[in-house]
Amino acid sequence: MKQRFFFAFLPAFLLACGESDPPSGSSGAGAGATGGTSAAGGMAGATSGGTGGTGGSGGAAAGTGGAGAGTGGASGAAGSAQCGSSTVVAQAASNYTFASNITLKPLTIAPSDPEVTVDWSGLTTDFLGHATSPTADIAAVNLIVFSLTLAEFEEHLNADDGTLAMHNQGALQFVTNNTATMSAIADFGVPGTPENNYRTSVDVQEAVDDYLDPVATDPAENMFVVMPSDNFEPGTGSRMVQAFTVDPASTNTAITIGASTALAPGANGHTGGTDSPQMTVTYDVDLEALTPVAVPAATPALTVDWSQMTTNGLGRPWVPRSLNRALVGRYRQSLTELENQFLGLESLSEDIYSIELPTDEPISLAGAMSEAGQPFPGVDDDGVWVLALFCDPSYCGNPAPWYLTILEPCN
């Protein structure tokens, strides 16, 4: 099979993150604050030793009781889970859990026909259930060949094991200019040089002819995916996935991509999901079992520290230096409603503030901004406040956050 025009290209769609060396660790131990000082002959000390200070990451020491002329105060109790602390220390107990599953709906096309068309004009809702414009939201459509059976591809996809790149045979890309909604395979070009396509390049023509020939490329061991994307960067922004194979008995010459619809909450025993002619996505999410994090009310300068995390909310290893964004938002929905609409989490609230995460060092949310340029005001008791940490999509394919918790204000 010809591969001269193809370059390695991994779709960012529920695929595993790449690993990197872990950064140097930092000490998390901290001492508790001193308990309250007595007043007027030790009255305050006799009444209460004061509230114990919050322990630093890794431990919580009891505050020292107040002392005075009267009876000395009792030792203050150890600070409760971060209440009063301006540092949110991400821990497993405060993280949500998430699991998803994809079932593909493959089709077949006629053999040796580069004029087979791909039509995405009906893609008005993507695989996450988000409203999509077939023109404004689709910058490119990618065509990728994998040396896998459909069953193997689906297995790797759901395992999120990061090995799909090993089976990637190459890719072509059609640039839409945000106007086209249909193209023949013959008009798909080399990523980065779209002018090199089946009609203009002998190399591309030979390679495509090989891939579409069931004799040269065994359809029992090889398959294709078509993915409309919202950008040109190989491996990011996929809005839908259509799998297909070449079948000598097929007369089909059209690949038509349709919209997804939301599944009813609890459908088939799952929290939620979407269904489309191309695929079904189901997920199970639990927000109610996590331990909310108490933070000072109306305090924008909350520091987030995820250095203690070893496993993400998807149940997989926490890979250092993989995060790229933090989001904090106010929601009017109940936790159950958020679970049932989880794939649309970022569109469910008008009060969303985000900040980039350039390193693995703790970061202050004081720099988080809304799309309108409004700064994060801190949390209050009006609604449900959610903090989420996301993996960089250039490394991770699964759009679910690695860490998500509930922030509750305390005084």
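In the range 82-131, which residues are in a loop (DSSP other than H, G, I, E, B) and either under 18 Å from the mean Cα position of the chain (by Cα) or aromatic (Phe, Trp, Tyr) (or both)?
Across the range 82-131, the qualifying residues are Ala90, Asn95, Tyr96, Trp120, Asp126, Phe127, Leu128, Gly129, His130.
Can you find a residue that is closer than 30 Å to Leu172 by Cα, of a type outside the set (Gly, Ala, Ser) and either loosely packed, with under 14 Cβ neighbours inside 10 Å or over 20 Å from the mean Cα position of the chain (by Cα) (or both) anywhere in the range 258-270?
Yes, the conditions are met somewhere in the range 258-270.
What about Arg325, is it part of a strand (DSSP E or B) and not β-branched (Val, Ile, Thr)?
So Arg325 fits the description; yes.
Output the qualifying pairs, or none if there are none: Cβ atoms under 7 angstrom, residues six or more apart or on different chains, first residue in the range 332-353 and assigned by TED's automatic domain parsing to the domain that holds Gly367 and part of a helix (DSSP H, G or I), second residue surrounded by fewer than 19 Cβ atoms within 10 Å (Cβ to Cβ) and among the acidic types (Asp, Glu).
Leu335/Glu288
Mind listing just one residue for me: the one in the range 391-411 that is among the polar types (S, T, N, Q) and surrounded by fewer than 20 Cβ atoms within 10 Å (Cβ to Cβ) and, of those, farthest from Glu339 (Cα to Cα)?
Ranking the candidates gives Asn411 first.
Can you name the residue in the range 360-390 that is in contact (Cβ under 8 Å) with a residue 60 or more places away in the chain and in contact with a Lys or Arg (Cβ under 9 Å, 6 or more places away or on another chain) and, of all such residues, is surrounded by the most Cβ atoms within 10 Å (Cβ to Cβ)?
Val379
Since Val281 meets every condition but one in (1) under 16 Å from Asn142 (Cα atoms); (2) crowded, with 22+ Cβ neighbours inside 10 Å; (3) within 32 Å of the chain's Cα centre (by Cα), which condition does it not meet?
(1)
Consider Val215 carefully, then state whether it is part of a loop (DSSP other than H, G, I, E, B) and in the same structural domain as Asp119 (by TED's automatic domain parsing). If you could, list the steps in order and put the result at the bottom.
Numbers: part of a loop (DSSP other than H, G, I, E, B): yes; in the same structural domain as Asp119 (by TED's automatic domain parsing): yes.
So Val215 fits the description; yes.
The values are calculated or read from the model by the stated rules, or taken from the named source; none is laboratory data. This structure is a prediction, so every number in the text was calculated from the model and none was measured. When we count neighbours, we look across all protein chains shown, and the Cβ atoms used for this are built from the backbone with ideal geometry, even at glycine.
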